[in-house]
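Only the coordinates and a few stated rules stand behind these numbers; no lab work does. What you see is a predicted model; the values in this text were computed from it and never measured. FYI the Cβ positions are ideal-geometry reconstructions off the backbone, even for glycines, and counts take in every protein chain you see.
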Amino acid sequence: MSQRLNAILPDDVFEKLLRFSEQEKRTKSQMAALLIEEAITARERDAKKQAEVA
């Protein structure tokens, strides 16, 4: 199931999102969802590495 999220972005971040979405022929919403998913995956991976080091 998908959930809806509203966010207020700084102008520079919005412009980058717009540019990325145009380059990949995605909607802004699709691009934002993809970038959030990638950021969460990276953060989880980094947290796992930190836990292994500690």
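Remarks
- Principal-axis tilt of helix 28-53 within the chain, Cα atoms, nearest 10 degrees: 10
- Other residues within the sphere of radius under 12 Å centred on the Cβ of M31, judged by their own Cβ, net out at +1 (K and R +1, D and E -1).
- Charge dipole (debye, nearest 20) of the chain; +1 at Cβ of Lys and Arg, -1 at Cβ of Asp and Glu: 160
- Options S2, L35, Q23, ranked by Cα towards positive dipole end of segment 1-41, top entry (Cβ charges): S2
- 0 to 90° range, to nearest 10: angle between helix 11-23 axis and the chain longest Cα axis: 80
- Partner aspartates and glutamates whose Cα lies under 19 Å from the Cα of K49, excluding those fewer than 8 positions away in the same chain, are identified as E37, E38.
- Label of the coordinate-derived value, semi-axes √(5λ) of the Cα gyration tensor in Å, listed as (i) 23, 13, 9; (ii) 18, 14, 11; (iii) 27, 13, 11: (iii)
- Neighbourhood net charge (12 Å Cβ-Cβ; Lys/Arg +1, Asp/Glu -1) for V13: 0
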